[in-house]
Amino acid sequence: MSTETGTATGRDASRIHNIGYRSYDGPRLGRAYARRSLFSQTLRGSFGLGRSAKSKVLPMLLFGVMTLVAAILVAVSMSAPDASKLVIEYTSYAIYLQAVIGLFIAAQAPQAVSRDLRFKSVPLYFSRPIERADYVAAKLAATASALFILTGAPLLVLYVGSLLAKFDFADQTKWFGQGLVSVALLSVLFAGLGLVMAALTPRRGFGVAAVIALLTITYGAVSTIQAIAWETGSEGAVQWLGLFSPITLIDGVQTAFLGATSAFPGGEGPGAGAGVVYLIVVLALVAGSYAVLMRRYRRVGL
Amino acid sequence: MARATNVVFVTAVIATEALSMRFPRVTALDRLTLDIGPGVTGLVGSNGAGKSTLIKILLGLSPATEGRAAVLGLDVATSGAAIRERVGYMPEHDCLPPDVSATEFVVHMARMSGLPPTAARERTADTLRHVGLYEERYRPIGGYSTGMKQRVKLAQALVHDPQLVLLDEPTNGLDPVGRDEMLGLIRRIHTDFGISVLVTSHLLGELERTCDHVVVIDGGTLLRSSSTSDFTQTTATLAVEVTDSDTHPDGTGALRKALTEAGVTLIGHDGIDTEGLPGAGHILLIEATGEETYDLVRDSVAGLGLGLVRMEQRRHQIAEVFRTEQGGAHAAAVPAAGVVPQSVPQSAQQVVQQKGSGRDEH
């Protein structure tokens with residue numbers, strides 16, 4: 001196939017140029033492999049791996065904060081005399097540290113999707129074996145996995161710590177499991193919402209701001225109104241107001257089904273009936289995010 | 001319509017049959033039937049002629065309204081993914097993230113094409129070298145020149161060793177030297193790498209030098225499809241400029257007279273180039289029918305004792321294809337005044353602009 005025959009033996013660097021073209025006869029692993037590659041590239045990128053040193057700083061810092069706080073809490077729990085359990089519930093951890101999680105998704109969702117949009121690399125993907133659904137699914141799964149690592153790692157620290165402190169194994173394992181389910185749900189929800197905001201605002205600065213705004217403004221508004229409702233004695237409204245911000249949605253679901261203590265005013269989250277509504281809303285938001293992303297990329301094509 | 005069929009049926013790389021693409025307000029492709037064989041094929045058309053739409057359909061990314069198309073023998077409607085695994089695509093626009101190095105980016109793209117990690121790395125190193133990127137491939141793309149970026153774009157289209165590459169306006173934004181290098185590279189993709197090429201451009205002249213075959217489309221229909229040698233033989237225009245001498249104060253006039261007597265066809269307004277370029281009015285445009293025309297000019301000039309300042313082939317533009325398609329000798333297009341060579345391209349451009357304004361790309 002090559003017309004120029006190799007002079008590969010020449011040690012002179014300029015001679016390398018003369019090696020003829022070699023065709024590729026090896027395996028082509030196709031669509032599923034490409035999807036996996038995109039997934040791992042995005043997941044690694046979320047923590048700055050395979051990117052510049054500068055882009056590692058923020059995600060690694062946030063990851064450090066998440067696990068360090070957990071380690072401190074373990075130390076506190078262990079030092080307390082006669083302690084029989086951790087000073088914090090597994091399910092409360094993500095709620096307390098929601099600001100850190102919010103910062104993480106705000107910084108990483110734009111890097112996952114906006115870069116390809118802003119630099120118009122998307123056509124390069126779609127001119128390859130993967131389809132639009134593969135692209136969206138890989139990005140969504142990778143971002144959710146990154147969030148799950150961020151939120152799951154501190155729970156693991158807590159769990160290992162509690163076992164070292166010889167707290168009740170069965171209780172701890174059960175609560176740890178509940179915590180993991182809760183943060184898994186949170187990861188998927190936040191990933192979906194974060195990616196939608198980022199994909200709709202291709203300019204990076206705006207993407208970051210949009211995600212932060214979505215998370216903090218809704219939470220601020222919901223918790224304020226909940227507090228007012230609680231003060232004015234309309235407890236019934238409190239549990240329904242929680243439907244309007246991502247973090248209170250997760251709070252509601254885990255209070256109803258995962259034995260969590262609600263952070264709602266008065267500590268009264270939704271019961272099983274209202275909990276079903278919470279769960280449906282969460283799942284609908286995730287599905288909706290996927291649909292919006294699919295729609296967003298339909299127009300990008302080539 | 002498709003005059004190329006005699007050459008092509010051996011192994012059609014791209015074949016379309018009555019391919020149409022209609023959007024609510026525009027018809028991007030109108031019953032286009034094409035057969036493109038192996039080699040380097042130029043696809044010429046103005047903006048909005050349907051080039052991008054055709055590429056999209058060929059990659060299996062948007063279904064045609066009607067008609068059929070096959071790439072490498074695979075139906076675009078059903079085997080999109082299989083086609084995209086064997087075809088490379090280089091977009092017209094910028095598509096590179098500035099914060100990663102060419103190596104990292106091309107490796108990632110190779111994996112997206114299905115190459116296993118080690119193969120992706122090896123192929124990336126090879127391909128970047130073949131397109132002429134050496135040490136700089138480890139630096140972030142953001143610092144590259146336009147020419148280097150074009151090479152990276154080309155490399156990502158070639159990295160998985162496709163059987164066919166679709167290059168959308170690869171010479172856009174390049175200076176003349178970069179343009180020549182890119183065209184040379186495109187030629188090598190076929191001769192050295194054995195990969196067929198479909199390259200689009202709105203400049204017929206530059207494709208003429210690179211391609212084996214040129215397809216001209218306009219308004220979504222096939223205007224012309226023929227091998228490049230056909231083009232040059234039928235439409236070669238020779239520009240000749242001579243000095244004046246004491247015996248012939250009007251050297252140009254004297255040569256014109258001599259050539260006319262020898263039976264050479266003059267082009268333009270009585271053979272004078274009136275396009276307003278430097279030297280206009282002193283340049284004779286004649287139709288070259290073969291080697292003998294060159295000899296004739298040389299002998300005539302020598303016989304008259306004039307100095308030959310230049311004798312060059314004029315580049316062809318789409319306009320000339322319009323002109324020959326309209327079925328006339330060049331002289332047939334002569335209306336009244338002495339602005340003929342100009343008036344035809346102008347009207348052609350207007351057609352082009354009207355079409356272009358309707359729709360582009362998306």
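Observations on the structure shown:
- Number of the condition not met by residue B:151 [criteria: (1) assigned to a helix (DSSP H, G or I); (2) touching a Gly at 6+ places or on another chain (Cβ under 8 Å); (3) at the interface with chain A (Cβ under 7 Å from one of its Cβ atoms)]: (3)
- Scanning segment A:7-40 for residues that are open to solvent by less than 60 Å² (accessible area, probe 1.4 Å), at pLDDT below 90 and more than 9 Å from chain B (Cβ to nearest Cβ) yields a total of 3.
- When residue B:202 is tested against (1) open to solvent by 10 Å² or more (accessible area, probe 1.4 Å); (2) in contact with a Leu (Cβ under 6 Å, 6 or more places away or on another chain), just one condition goes unmet, and that condition is (2).
- Residue within segment A:201-223 that is surrounded by 15 or more Cβ atoms within 10 Å (Cβ to Cβ), charged (D, E, K, R), in a helix (DSSP H, G or I) and in contact (Cβ under 8 Å) with a residue 12 or more places away in the chain present: yes
- Pairs with Cβ under 6 Å, 6+ apart, first in segment A:118-131 and more than 7 Å from chain B (Cβ to nearest Cβ), second open to solvent by 10 Å² or more (accessible area, probe 1.4 Å) and in a loop (DSSP other than H, G, I, E, B): A:118/A:202; A:122/A:300
- With respect to the conditions (1) buried (at least 19 other Cβ atoms within 10 Å of the Cβ); (2) farther than 21 Å from residue B:189 by Cα, residue B:77 falls short on a single one, namely (1).
- Single residue of B:149, B:153 found to be under 20 Å from the mean Cα position of the chain (by Cα) and under 28 Å from residue A:129 (Cβ atoms): B:153
- Of the residues making up segment A:237-273, those that are in a helix (DSSP H, G or I), on the phi < 0 side of the Ramachandran plot and surrounded by fewer than 19 Cβ atoms within 10 Å (Cβ to Cβ) number 8.
- Condition check for residue A:53: farther than 30 Å from residue A:171 by Cβ and either under 23 Å from the mean Cα position of the chain (by Cα) or within 14 Å of chain B (Cβ to nearest Cβ) (or both): yes
- For the criterion of being of a type outside the set (Asp, Glu) and either farther than 30 Å from residue A:131 by Cβ or under 19 Å from the mean Cα position of the chain (by Cα) (or both), residue A:59 passes.
- Residues that are without any contact (Cβ under 8 Å) to a residue 12 or more places away in the chain and polar (S, T, N, Q) do not occur anywhere in segment A:138-148.
- The condition of being more than 10 Å from chain B (Cβ to nearest Cβ) and either touching a residue at least 60 places away in the same chain (Cβ under 8 Å) or not aliphatic (A, V, I, L, M) (or both) does not hold for residue A:60.
- Test: residue B:68 is more than 8 Å from every other protein chain (Cβ to nearest Cβ), of a type in the set (D, E, K, R), in a helix (DSSP H, G or I) and open to solvent by 30 Å² or more (accessible area, probe 1.4 Å): no
- Of the helices (runs of 4 or more DSSP H) lying entirely inside segment A:92-180, the ones with 1 or more residues being at pLDDT below 95 and under 24 Å from residue A:66 (Cβ atoms) are found at A:98-109, A:132-164.
- In segment B:100-115, the qualifying residues are those that are in contact with a helix residue (DSSP H, G or I) (Cβ under 6 Å, 6 or more places away or on another chain) and more than 8 Å from chain A (Cβ to nearest Cβ), and the one that is farthest from residue B:17 (Cα to Cα) is B:101.
- Output for segment B:116-128, where each listed residue is open to solvent by less than 30 Å² (accessible area, probe 1.4 Å) and either more than 7 Å from every other protein chain (Cβ to nearest Cβ) or not in a helix (DSSP H, G or I) (or both): B:116, B:120, B:124, B:127, B:128
- Residues located in segment B:80-99, provided they are facing chain A (nearest Cβ under 7 Å), in contact with a strand residue (DSSP E or B) (Cβ under 7 Å, 6 or more places away or on another chain) and either under 21 Å from residue B:70 (Cβ atoms) or not in a loop (DSSP other than H, G, I, E, B) (or both): B:89
- Residue match in segment A:277-290 (condition: surrounded by 14 or more Cβ atoms within 10 Å (Cβ to Cβ) and under 30 Å from residue B:88 (Cα atoms)): yes
- Yes/no for residue B:179 being closer than 24 Å to residue B:47 by Cα, part of a helix (DSSP H, G or I) and open to solvent by 40 Å² or more (accessible area, probe 1.4 Å): yes
- Considering the conditions (1) of a type in the set (S, T, N, Q); (2) more than 11 Å from chain A (Cβ to nearest Cβ); (3) closer than 30 Å to residue A:36 by Cα, residue B:16 is excluded by exactly one of them, (3).
- Applying a threshold of 6 Å to beta carbon distances and a minimum spacing of six or more residues, or different chains, the list of pairs starting in segment B:37-62 at a residue that is away from chain A (no Cβ under 14 Å) and of a type outside the set (Gly, Ala, Ser) and ending at one that is in a strand (DSSP E or B) and open to solvent by 10 Å² or more (accessible area, probe 1.4 Å) reads B:41/B:213.
The values are calculated or read from the model by the stated rules, or taken from the named source; none is laboratory data. Since this is a predicted model, take the numbers as computed values, not measurements. Ideal geometry is used to build each Cβ from the backbone, glycine not excepted, and the neighbour counts take in all protein chains shown. Note: areas computed on protein heavy atoms with side chains; ligands, DNA, RNA excluded. Shrake-Rupley method; radii C 1.70, N 1.55, O 1.52, S 1.80 Å.
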